[in-house]
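Participant: Let me give you the structure first, and then I'll get to my questions.
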Amino acid sequence: MELFHENGCLTEDALRAVRDGTPDETARLEICEHLSFCDDCLLRYTDLLTDDVLVPPQKPLAPAVMQRLRRRTLRVAVNRYARVAAVAVLALALWSTGVFDSLIPKPAEPDWNAPPQLSAPPISAGARVNDFFRNTGDSLSAAFDILTERLAGEKPAAKS
C-alpha cells in the first residue's frame with residue numbers, strides 16, 4: 001500500500017487505513033507525523049472521520065433568542081432609569097429641605113461707614129476645603145433632622 005502521493009501528501013488509502021487501524025506500527029507513526037504538520041491532510045482525515053450531516057433544528061431559534069434579548073434590554077433599561085429616578089427623588093428631597101441653601105455663601109450686608117478694603121485677606125486652599133466639608137456636614141445633619149422630624153411627627157432631641 002502506498003502511503004504518500006508524489007507531492008508528499010497522504011493517499012486516501014493511507015487515511016482510511018489509519019481510520020480502520022490496519023497499518024503496522026511504523027506506517028502509523030509516519031502517517032501521524034505527517035498529519036501533525038500538514039493541514040491539508042489533517043482536514044481530509046477529519047472529513048473522513050466525520051460523516052455527520054447537520055440537521056436543522058425542529059423549530060426556529062431566532063424568535064426565542066430575540067425575546068431573551070428584548071427581556072434583557074428591558075431589564076437593563078429599567079435598572080438604569082430606576083437608579084436615576086431614585087437619585088432625582090433624593091436630590092429633590094434634599095433641595096426641598098434647604099440643604100443646598102447652606103452651601104451657597106450669603107453676601108454680607110455692606111457697611112457703608114467702614115473704610116474701604118483694598119484686598120481680601122488670603123485664605124488657604126486647605127481652609128476652604130475644611131470649611132466646605134464642615135458646612136456640608138452641618139447641612140446634611142440639619143436635613144436629616146428635618147426629615148426625621150417630618151417622618152416621625154415629633155422634634156428630635158437637641159444636641160448637646
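Participant: So, R0 is 45 Å and r is the distance between the beta-carbons of His5 and Leu69; what FRET efficiency does that work out to, to 0.05?
Facilitator: With R0 = 45 Å, the Cβ-Cβ based efficiency is 0.35.
Participant: Need one number: nm distance between label points at Leu92 and Ala62, each 7 Å from Cα along Cα→Cβ, rounded to one decimal.
Facilitator: With each label placed 7 Å out from Cα toward Cβ, I get 4.4 nm.
Participant: Just the accessible area per residue of segment 30-80, please: how many Å² with a 1.4 Å probe?
Facilitator: Spelled out: the 1.4 Å probe surface of segment 30-80, per residue, equals 92 Å².
Participant: Residue by residue through segment 4-9, which ³J(HN,Hα) values in whole Hz follow from phi under the Karplus form 6.51 cos²θ - 1.76 cosθ + 1.60 (θ = phi - 60°), with glycine and proline marked x?
Facilitator: Here the 3J(HN,Hα) series is 10, 6, 5, 7, x, 8 Hz.
Participant: Working out 0.36 nm times the residue gap between Asp20 and Ala152, then minus their Cα-Cα distance, what length gain in nm do you get to one decimal?
Facilitator: 39.0 nm is the gain from fully extending Asp20 to Ala152.
Participant: In the set [x] 1.39; [y] 2.70; [z] 1.13, which value of Cα Rg over 2.2 N^0.38 Å was calculated from the structure you see?
Facilitator: Correct label, based on the coordinates given: [y].
Participant: Also: According to a simple spin-label model (label point 7 Å from Cα along Cα-to-Cβ), what is the distance in nm between Arg83 and Val129?
Facilitator: Each label point lies 7 Å from its Cα, and together they span 2.7 nm.
Participant: Taking the dipole about the Cα centre of segment 1-49, with the C-beta of Lys and Arg at +1 and of Asp and Glu at -1, give me whichever of Met1, Leu43, Ala14 is farthest to the positive side.
Facilitator: It is Leu43.
Participant: Rank Ala77, Thr26, Pro116 by how far each Cα sits towards the positive end of the charge dipole of the chain (+1 on Lys, Arg Cβ; -1 on Asp, Glu Cβ) and give me just the farthest.
Facilitator: Going by the charge dipole, the pick is Pro116.
Participant: Sticking with this structure for a sec: Compute, for Ser36, the solvent-accessible surface of its heavy atoms (probe 1.4 Å) with the complete set of protein chains present, and express it in square angstrom to the nearest 10.
Facilitator: 90
Participant: Here's something else I'd like to know. Round to the nearest 10 and report in Å² the accessible area of Leu29, as given by a 1.4 Å probe over the protein chains' heavy atoms.
Facilitator: 100
Participant: Determine the calculated [θ] at 222 nm for the chain from helices alone, applying -39500 (n - 2.57) to every DSSP H run no shorter than 4 residues and normalising by the residue count; nearest 500 deg cm²/dmol.
Facilitator: Dividing the helical sum by the residues of the chain leaves -21000 deg cm²/dmol.
Participant: If you don't mind, another one. Can you give me the long-range amide H partners of Leu10? Hydrogens built in the peptide plane at 1.01 Å from N, cutoff under 5 Å, separation of 5 or more residues or another chain.
Facilitator: Counting only residues 5 or more places away or on other chains, the set is His5.
Participant: Given a 1.4 angstrom probe, I'd like the percentage of the accessible area of the chain that is carbon and sulfur, rounded to a whole number.
Facilitator: On the chain, the fraction of accessible area on carbon and sulfur atoms equals 61 percent.
Participant: Ignoring ligands and nucleic acids, what accessible area does Phe4 show with a 1.4 Å probe (Å², nearest 10)?
Facilitator: Spelled out: Phe4, probe radius 1.4 Å, area about 70 Å².
Participant: Something else: Which residues' amide hydrogens lie under 5 Å from the amide hydrogen of Cys38, considering only partners 5 or more residues apart or on another chain, with H built in the peptide plane?
Facilitator: none
The values are calculated or read from the model by the stated rules, or taken from the named source; none is laboratory data. Here the structure is a predicted model, which is why all the values come from computation and not from measurement. Ideal geometry is used to build each Cβ from the backbone, glycine not excepted, and the neighbour counts take in all protein chains shown. These area figures cover heavy atoms from the full protein model, side chains too; ligands, DNA and RNA do not enter into them. Shrake-Rupley method; radii C 1.70, N 1.55, O 1.52, S 1.80 Å.
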